[in-house]
Amino acid sequence: MGRSERKGGGTATDGKDGAAADVPGPRASSDKRAGGKRAPKAAPPPPARTAGDVLLDHLTAEAAEFLAQAPRVREGGEDSAHRMRVAARRMRSSLRTCAPLVDAEPAGALADELRWMADCLAGERDNEVLLARLLDALDTLPVRSGSARARAAVERRLRGGLATGHTAALRALDSADFAALAEQLAAPRLGLTFTARAAQPVGTAVPRLAAAAFRKLAKGADALPLAQASVPYAHPVPLSGEDDEAWHRVRILGKRARYAADLAAPEFGAPAKDLAKRMKAVTESLGTHQDAALAAEVVRELALSPRLGGSAAFVLGELYTVQRFAVAEARHTFAGVWPALRVRLDEVDRWGG
């Protein structure tokens, strides 16, 4: 920006004889009197942050994490498939939460590709988690005549799934579809186009969008049988798993709400960071619920196999019961932490105030 300068006249002359008139010249500016140098003008303030800026910054960071994990997945790096999958999930969740800020068609296409890649990564990670969980649980059971066969059945099933999942992930990474997705994620604005609402001030739009995600979570959680779950061992253990899906749905809503708080945290500081931290505890309890429910289903299928039978099936029945007790415990944990969090959700609307 150019500097403005004070203008002053030169030497005034007398109109009659041309002699210099006794008229003082312009006063020296204060910065010259101080040292002969002009003080630099302050730089203009940066443009106000918009809701679109926040979304794009968040997506760009998650896209970088997603792409950074791809070579590690190829090398079999520890936790690489999980981290890549989480980055994909965070991007999809942010596109959903901030849907009014982006044009639907390119955003939907990107979300579909991210879902496809996350599904390709799921087999390896899911089987890895279930294998560790079930082997640890087997170690807590009494050793019986069928214990070795039960363990062998679990390992055969899940190690096979782990290998198949890793192969599927590598095949996806080598595909033309992934190459196109990687190119899009590395492009400016990730190939997205933003709506007029993306230009709204961050303090107005982002809290409103995050609050909508939290309201959906509250609605789903309030529909769960929390009063029953809050009393330990005062209700039958949910052996059938027929209502697992409702709890899993709340887990998904909880993750979306948590990711919305994470998206807002760089702009709104401590309040958003604190809520995101509390949400992590909630979603982890529901994550344990999901892991235990899936593990129980794997064990049930193995126990029903006609090739197994006998004492090994009995051990698997014990293992199934342990996992269903873990489901009940996770519900109890959620019922204990949710009420204190529930009363704080109204704070989200006031982040921009």
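Some notes on this structure:
- Summarised as an ellipsoid, region 104-155 has semi-axes of 40, 9, 6 Å, derived from the eigenvalues of the Cα gyration tensor scaled by 5 and square-rooted, with the largest first.
- Using Cβ point charges alone (K and R +1, D and E -1), the dipole size of region 273-353 about the Cα centre works out to roughly 140 debye.
- Across the accessible surface of region 257-326, with the other protein chains kept in place and a 1.4 Å probe, carbon and sulfur atoms take up 57 percent.
- Amide H contacts under 5 Å for Phe194, placed H, 5+ residues apart: Asp103
- Classification of region 166-218 by its C-alpha gyration tensor yields an oblate form. The axis ratio a/c (a ≥ b ≥ c) is 1.5 or more, and b/c is at least a/b.
- Per DSSP, loop trypsin sites (Lys or Arg not before Pro) in region 114-155 with at most 15 further Cβ within 10 Å: Arg144
- Spatial offset of region 50-93 relative to region 135-157 amounts to 36 Å, using the alpha carbon center of each.
- Here the label points at Asp274 and Ala168, each 7 Å from Cα along the C-beta direction, are separated by 4.2 nm in the simple model.
- Over region 109-239, relative contact order from alpha-carbon pairs under 8 Å, at least 6 apart, %: 26 percent
- The charge dipole of the chain, taken about its Cα centre with unit charges on the Cβ atoms of Lys, Arg (+1), Asp and Glu (-1) only, comes to about 920 debye.
- Over the chain, relative contact order from alpha-carbon pairs under 8 Å, at least 6 apart, %: 20 percent
- Per residue, the chain reaches -23500 deg cm²/dmol at 222 nm when only DSSP H runs of four or more residues are counted, each adding -39500 (n - 2.57).
- Projected label distance in nm at Asp349 and Ala182, using a 7 Å step from Cα toward the beta-carbon: 4.6 nm
- The order of the peptides 102-112, 252-262 by mean Cβ neighbours within 10 Å, most packed first, is 252-262, 102-112.
- Computed from the C-beta positions of Glu242 and Ala196 and an R0 of 45 Å, the FRET efficiency is 0.45 to the nearest 0.05.
- FRET efficiency for Ala340 and Val143, using Cβ-Cβ distance with R0 set to 45 Å, rounded to 0.05: 0.60
- Relative contact order (%) - criterion: Cα under 8 Å, at least six apart; region: region 263-320: 25 percent
- Highest-MSF residue in the chain out of Thr164, Thr140, Thr195 [GNM, Cα springs under 10 Å]: Thr140
- Projecting the Cα atoms of Ala118, Leu131, Pro106 onto the dipole axis of region 94-151, where Lys and Arg carry +1 and Asp and Glu carry -1 at the beta carbon, places Leu131 farthest toward the positive end.
- Here region 172-218 and region 234-312 have alpha carbon centers that stand 25 Å from each other.
- Rounded accessible area per residue of the chain, 1.4 Å, Å²: 54 Å²
- Correct choice for Cα extents along the principal axes in Å that was computed from the model, options (1) 72, 43, 33; (2) 72, 49, 42; (3) 129, 48, 40: (3)
- Most positive-pole-ward Cα, Thr204, Pro188, Leu224, against dipole of region 149-281 from beta carbon charges: Leu224
- Rg over Rh, two decimals, region 149-281 (C-alpha only, Kirkwood Rh): 1.10
The values are calculated or read from the model by the stated rules, or taken from the named source; none is laboratory data. Predicted, not measured: the structure shown is a model, and the values here were computed from it. Using ideal geometry, Cβ is built from the backbone for each residue, glycine included, and neighbour counts are taken over all protein chains shown. These area figures cover heavy atoms from the full protein model, side chains too; ligands, DNA and RNA do not enter into them. Shrake-Rupley method; radii C 1.70, N 1.55, O 1.52, S 1.80 Å.
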